[in-house]
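In what follows, a single structure is set out as structure tokens and then discussed.
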Amino acid sequence: MRRAFVLLPLALVLLVARANAGSLPSWFPGELFTVNPDNMVNEDFGTDTFTVGNKGADSDKVEVKGKHTSGSLYPPGPESGWDAWKGTAVFKTVQARLEKQGFKLVYLNADTDGAHGTFRKGTGADATYVEITLTNDAHSNSVSIVEPATHARALVLKPPAATPEKLSDTTDFPYVTPLAGAKLLDTRHDDGPMNVAKADAEPQLVGTGTMSKLYEGPSNVSALDFTSTYETAFKKAGWTVSENTGGTVTAHYTKNGRELWARVYQEGADRWNIVIADVGGGLKAALDKSCKVALYGINFDFDKATIKPDSEPTLQQVLAVMKASKTSFEIDGHTDNVGKPDYNLTLSQSRADAVKKWLVAHGIADKRLTAQGFGDKAPVVPNDNAADRAKNRRVELKKPGC
């Protein structure tokens, strides 16, 4: 038998018989085993990959979605009697029991040490899959089951209003609410920009700060269930979803004169977060507080002063702030320390000029604006890594006298 197994130490966990745990489907021959409820997965709508065919190659694997149950299996009775356990013999018993119910063995990898097999009952969307590994080591057995089920969880989000809402540390966000049954545990604030890039991608910074809320529950929510629910809800509320991977959904809202970024992600089976960056609201608050603000979200082509199209929402927020004010503003350009200082100084000036040109073209009087390039002379953080260099590549908006 060629399959590798992971030994799962029991330590001092309490083992409960399947009849008491209720973590395996009633049709599965669970009386042959003991399970630890703490390492069982029960998801209303989840996914797993099953091996089918004779060779077990990647081409013989299928991803199945539905009601998902998985976890470790142990011999029945007290641990002191497990020495007599023979997984190869129990596998044959399980096979006979499942085949009697109409399951067919569609993959098998077995030898004298144990057996790993996949059983299937039904076809297409109505099929139930069981993958079971039983070895002669009492601590190295597992099962995964997916039964037919559709994604039934739903969430309705209220679109952000035209005027920024009043937020509280003790209540949910008004426009990105939790799943039913969730409990708010904590609210946190971060004054730095939000990185909305996908994992391992070049940093994409937005906003001037974030507010995040940590929740507990509800139970039985898989990563697939979680992200599918939020992606559907975001789209129906007018958001654009830019990421849906690995239990994380990132979305962007640019309507009603607002620009917000939201990221929802799971920390574990029963912990998850909602993080919000209100670009427009944060811009005004930062200017009122310190009279200057980094305009993360205004992006340029690599090594050029050409403003990228995805900068439009942030530029519109800057435009709205200026139209609501009669004061003058300074637009400052900054780079990281990659490249020669003289070149960076010229590039930063060109980028500041490009932003000024855009604002003038959209109705701001030229005499209210000045543009100044500083190159790499004024970093906000050391240029030690890609994320920090992204923070230093910025355009700043400054009131006179700062």
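The values are calculated or read from the model by the stated rules, or taken from the named source; none is laboratory data. The structure displayed is predicted, hence computed values, not measured ones. When we count neighbours, we look across all protein chains shown, and the Cβ atoms used for this are built from the backbone with ideal geometry, even at glycine.
Taking region 300-316 only, how many residues are in contact with a strand residue (DSSP E or B) (Cβ under 8 Å, 6 or more places away or on another chain), more than 15 Å from Ile331 (Cβ to Cβ) and of a type in the set (S, T, N, Q)?
1
Pull out all pairs, ordered by first then second residue, where Cβ-Cβ is under 7 Å, the residues are six or more apart or on different chains, the first lies in region 260-275 and is assigned to a strand (DSSP E or B), and the second is of a type in the set (Asp, Glu).
Pairs found: Leu260/Asp278; Arg271/Glu216; Asn273/Glu267.
Taking region 186-231, which residues are free of Cβ contacts under 8 Å to residues at least 40 places away in the same chain and in a strand (DSSP E or B)?
Asp186, Thr187, Arg188, His189, Asp190
Exactly one condition in (1) under 18 Å from Asp44 (Cβ atoms); (2) of a type in the set (Val, Ile, Thr); (3) crowded, with 18+ Cβ neighbours inside 10 Å is false for Thr135; which is it?
So the condition that Thr135 fails would be (1).
Does at least one position in region 23-46 carry a residue that is modelled with pLDDT under 50 and not charged (D, E, K, R)?
Checking region 23-46: not a single residue is modelled with pLDDT under 50 and not charged (D, E, K, R).
Hey, any hits in region 91-101 for a residue that's surrounded by fewer than 19 Cβ atoms within 10 Å (Cβ to Cβ), within 35 Å of the chain's Cα centre (by Cα) and within 25 Å of Thr47 (Cβ to Cβ)?
no
If we keep just the residues of region 269-294 that are of a type outside the set (D, E, K, R) and over 25 Å from the mean Cα position of the chain (by Cα), which is surrounded by the fewest Cβ atoms within 10 Å (Cβ to Cβ)?
Ser290
Are any residues in region 215-252 farther than 22 Å from Val64 by Cβ, among the small types (Gly, Ala, Ser) and surrounded by fewer than 18 Cβ atoms within 10 Å (Cβ to Cβ), and if so, which ones?
Gly217, Gly238, Ser242, listed by residue number.
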